[in-house]
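Take a look at the structure set out below.
Where a number appears in this text, it was derived from the coordinates with a stated rule and is not lab data. Predicted model only: the values in this text are computed from it and were never measured. With ideal geometry, Cβ positions are generated from the backbone for all residues, glycine too; neighbour counts draw on all protein chains shown.
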Amino acid sequence: MKILVCISCVPDTTSKINFIENDTTFDTNGIQFVINPNDEFGLTRAMWIKEMDNSTVDTINVGLENTEPILKKTLAIGADKAIRINEKPTDGFRVAKLISDYISNNNYDLIIAGRESIDYNGTMVPGIISEILNINFITNCVGLEIDGNKITAKREIEGGTEILSCNLPAIIGGQKGLVEESDLKIPNMRGIMQARQKPLEIIETENDEIGTEIIKFYKPKEKEEIKMIDSENLDELVEIFNKNAKVI
Amino acid sequence: MSVLTYIESKDYKAKKNSFEVISYARALADQLSTDLVILCFNIKNINELSNYGPDKILNINNDELSQFNVQKYAEAISKASSKLSVSHIIIGGSTDCKYLAPSLSVKTNSTYISNVVSLPSSLTPFTLRRSTFSNKAFSDVIIKNEKIIIGICNNSFGLIEKKSSPEILNLEINIPESTINQESIELSSGSISIADADIVVSAGRGLKGPENWGMIEELAKILGAATACSKPVSDMGWRPHSEHVGQTGKPVATNLYIAIGISGAIQHLAGVSSSKVKVVINSDPDAPFFKAADYGIIGDAFDIVPKLNEKLKSFKAVNN
């Protein structure tokens with residue numbers, strides 16, 4: 001089977017988010033970039049499939065040269081080939097279109113993406129790819145089994161889970177639960193050495209109109225000073241529930 | 001060109017967050033000086049929808065739509081919007097809406113913008129503010145396409161009541177077969193889901209072990225709240241993953257968020273930052289959560305929570 005894992009390169013979850021150039025640009029100073037957590041669960045899941053049936057696993061990212069360390073990490077973890085589409089990602093539809101173009105030229109059976117990236121949170125890329133390529137799509141996946149040409153996925157829904165099945169080719173949106181965090185694969189020395197021999201393909205893009213543009217960023221309003229309540233005076237808290245939060 | 005809002009239903013009734021979605025859509029239709037059409041599936045009593053000002057309602061009664069299916073739902077909404085010549089589609093921020101919106105955007109040649117927190121600040125260029133960086137920031141985005149799907153964040157706009165006498169539309173829409181099958185569904189019975197809750201009671205490692213959640217569940221029951229937890233608690237298996245709140249878990253935008261024994265890692269604080277009133281109970285006065293909350297109590301949860309439960313019970317007994 002041929003598997004493609006879509007990788008977004010995002011600030012580490014502990015990052016403090018700041019902006020520069022009159023709040024038009026994300027300040028990457030001091031930021032450590034990582035594989036988007038929702039994608040990382042999918043990458044490990046893909047590695048497990050590869051261990052079972054000798055599938056090939058490629059990884060793909062839309063980004064400039066600065067995302068290559070992340071792609072090399074995916075090779076060190078065990079991906080066979082990495083593809084970088086050489087364009088700064090600024091629009092979810094555009095990213096999905098570029099990845100779709102690559103997929104339609106390279107025939108993958110299973111595409112694994114994340115539910116969303118934790119930086120721009122567009123929740124667009126896998127769904128748009130599925131529609132452009134007219135393939136099945138299941139997102140919020142917290143479990144995935146493959147049997148021949150059929151996949152069975154556990155999807156988190158509000159208040160529970162559902163089991164969905166469909167035929168390949170398909171694309172899924174993964175999240176925590178697809179594999180456990182303690183199962184995430186990390187590169188070992190042998191993997192890092194092998195990664196140096198593995199292909200990293202760079203694809204150039206043609207200019208096209210991009211449908212959206214971020215013109216300004218804002219940080220949330222500074223929190224007002226917290227009001228402390230004495231632990232012996234819980235009536236005050238009950239009153240806050242009643243008067244301020246209006247929930248009782 | 002009209003504004004269309006698709007609202008979700010459950011057990012043949014509009015879901016609670018629908019009224020906020022309709023309120024937003026009405027305000028947008030006013031801003032654009034156009035009509036607002038509500039689209040819904042299999043709702044028994046559509047009268048309550050007219051409290052928020054629609055000009056028209058299209059309620060499609062079709063057994064094919066009795067259960068959410070991304071392909072059938074996206075197709076039905078897409079067909080309805082093309083028959084009604086719709087320019088703007090407004091949807092909520094639920095898991096299902098976020099699942100179908102990208103497909104819908106391609107089918108309708110629209111641009112989809114998720115996590116929107118306000119009405120457009122300008123119509124030319126069309127500019128929306130959305131939440132980004134997992135609630136750590138907001139951004140203003142210009143959309144060049146004239147056809148737009150706006151997914152709004154829960155609890156970001158509020159309700160605006162405006163009684164209307166909508167025209168009831170009838171439209172025949174063919175629903176295609178789906179290539180994705182639902183094999184089974186498992187709903188946790190009795191409890192309120194985090195997405196549906198007005199109040200969330202959340203607890204962390206400070207509770208020392210899963211056996212101590214009884215008082216948290218009791219507090220949630222008294223308040224009619226959903227229960228949630230911090231990441232370490234779900235990682236250790238004390239509580240299910242579905243309760244994990246934060247950057248890699250679920251975001252929470254409720255009226256009241258109560259954090260008990262949660263120190264407040266930056267990822268957790270980001271996930272709950274959109275909640276209106278945040279209350280923290282923690283024995284450590286240096287817990288970072290105290291800097292991000294509205295009200296705080298320093299003290300032992302094992303002492304405070306049972307006492308609070310008793311006080312809330314007597315308050316409710318007197319006042320309800």
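Here are the numbers:
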quantity: Selected residue (only one of A:136, A:121 is without any contact (Cβ under 8 Å) to a residue 12 or more places away in the chain, in contact with a strand residue (DSSP E or B) (Cβ under 7 Å, 6 or more places away or on another chain) and at the interface with another protein chain (Cβ under 7 Å from one of its Cβ atoms)); calculated: A:121
quantity: Residue match in segment A:19-40 (condition: buried (at least 20 other Cβ atoms within 10 Å of the Cβ), in contact (Cβ under 8 Å) with a residue 24 or more places away in the chain, more than 12 Å from chain B (Cβ to nearest Cβ) and not in a helix (DSSP H, G or I)); calculated: yes
quantity: Some residue of segment A:155-167 being touching a strand residue (DSSP E or B) at 6+ places or on another chain (Cβ under 6 Å), crowded, with 21+ Cβ neighbours inside 10 Å, under 24 Å from residue A:198 (Cβ atoms) and not hydroxyl-bearing (Ser, Thr, Tyr); calculated: no
quantity: Filter result (crowded, with 18+ Cβ neighbours inside 10 Å and more than 8 Å from every other protein chain (Cβ to nearest Cβ)) within segment B:281-295; calculated: B:281, B:282, B:287, B:289
quantity: Qualifying residue in segment A:80-92 (condition: outside any loop (DSSP other than H, G, I, E, B) and within 8 Å of another protein chain (Cβ to nearest Cβ)); calculated: yes
quantity: Selection status of residue B:271, surrounded by 23 or more Cβ atoms within 10 Å (Cβ to Cβ) and at positive phi; calculated: no
quantity: Answer from A:248, A:240 - the residue that is out of contact with any strand residue (DSSP E or B) (no Cβ under 8 Å at 6 or more places or on another chain), crowded, with 17+ Cβ neighbours inside 10 Å and facing chain B (nearest Cβ under 7 Å); calculated: A:248
quantity: In segment A:92-112, residue nearest to the chain's Cα centre (by Cα) [restricted to those that are under 15 Å from residue A:168 (Cα atoms) and surrounded by 22 or more Cβ atoms within 10 Å (Cβ to Cβ)]; calculated: A:112
quantity: Answer from A:192, A:202 - the residue that is more than 11 Å from every other protein chain (Cβ to nearest Cβ), surrounded by fewer than 21 Cβ atoms within 10 Å (Cβ to Cβ) and in contact with a strand residue (DSSP E or B) (Cβ under 8 Å, 6 or more places away or on another chain); calculated: A:202
quantity: Any pair with Cβ under 8 angstrom, 6 or more apart, that starts in segment A:212-237 at a residue that is more than 7 Å from chain B (Cβ to nearest Cβ) and ends at one that is surrounded by fewer than 17 Cβ atoms within 10 Å (Cβ to Cβ) and assigned to a loop (DSSP other than H, G, I, E, B); calculated: A:236/A:230
quantity: Scope segment A:113-150; condition surrounded by 23 or more Cβ atoms within 10 Å (Cβ to Cβ), over 16 Å from residue A:5 (Cα atoms) and of a type in the set (A, V, I, L, M, F, W, C); matching residues; calculated: A:118
quantity: The one condition in (1) assigned to a loop (DSSP other than H, G, I, E, B); (2) more than 14 Å from every other protein chain (Cβ to nearest Cβ) that residue A:105 fails to fulfil; calculated: (1)
quantity: Complete set of residues in segment B:106-131 that are in contact with a helix residue (DSSP H, G or I) (Cβ under 7 Å, 6 or more places away or on another chain) and at the interface with chain A (Cβ under 7 Å from one of its Cβ atoms); calculated: B:106, B:107, B:111, B:112, B:114
quantity: Residues of segment B:121-176 satisfying the condition of being aromatic (Phe, Trp, Tyr) and in contact with a strand residue (DSSP E or B) (Cβ under 7 Å, 6 or more places away or on another chain); calculated: B:126, B:138
quantity: Residues of segment A:9-18 satisfying the condition of being in a strand (DSSP E or B) and facing another protein chain (nearest Cβ under 8 Å); calculated: A:11
quantity: All positions within segment A:213-231 that are touching a helix residue (DSSP H, G or I) at 6+ places or on another chain (Cβ under 9 Å), in a loop (DSSP other than H, G, I, E, B) and charged (D, E, K, R); calculated: A:223, A:230
quantity: Selection count where residues are in a loop (DSSP other than H, G, I, E, B) and either hydrophobic (A, V, I, L, M, F, W, C) or within 16 Å of the chain's Cα centre (by Cα) (or both), scope segment A:152-184; calculated: 8
quantity: Filter result for residue B:273 (of a type in the set (Ser, Thr, Tyr), within 9 Å of chain A (Cβ to nearest Cβ) and within 24 Å of residue A:227 (Cα to Cα)); calculated: yes
quantity: Residue match in segment A:143-151 (condition: over 27 Å from residue A:197 (Cα atoms), facing another protein chain (nearest Cβ under 8 Å), part of a loop (DSSP other than H, G, I, E, B) and free of Cβ contacts under 8 Å to residues at least 60 places away in the same chain); calculated: no
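Every residue, every condition in (1) surrounded by fewer than 22 Cβ atoms within 10 Å (Cβ to Cβ); (2) assigned to a loop (DSSP other than H, G, I, E, B); (3) touching a residue at least 24 places away in the same chain (Cβ under 8 Å); (4) at the interface with another protein chain (Cβ under 9 Å from one of its Cβ atoms), yes or no:
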site: B:297; (1), (2), (3), (4): no, no, no, yes
site: B:305; (1), (2), (3), (4): no, no, yes, no
site: B:309; (1), (2), (3), (4): yes, no, yes, no
site: B:315; (1), (2), (3), (4): yes, no, no, yes
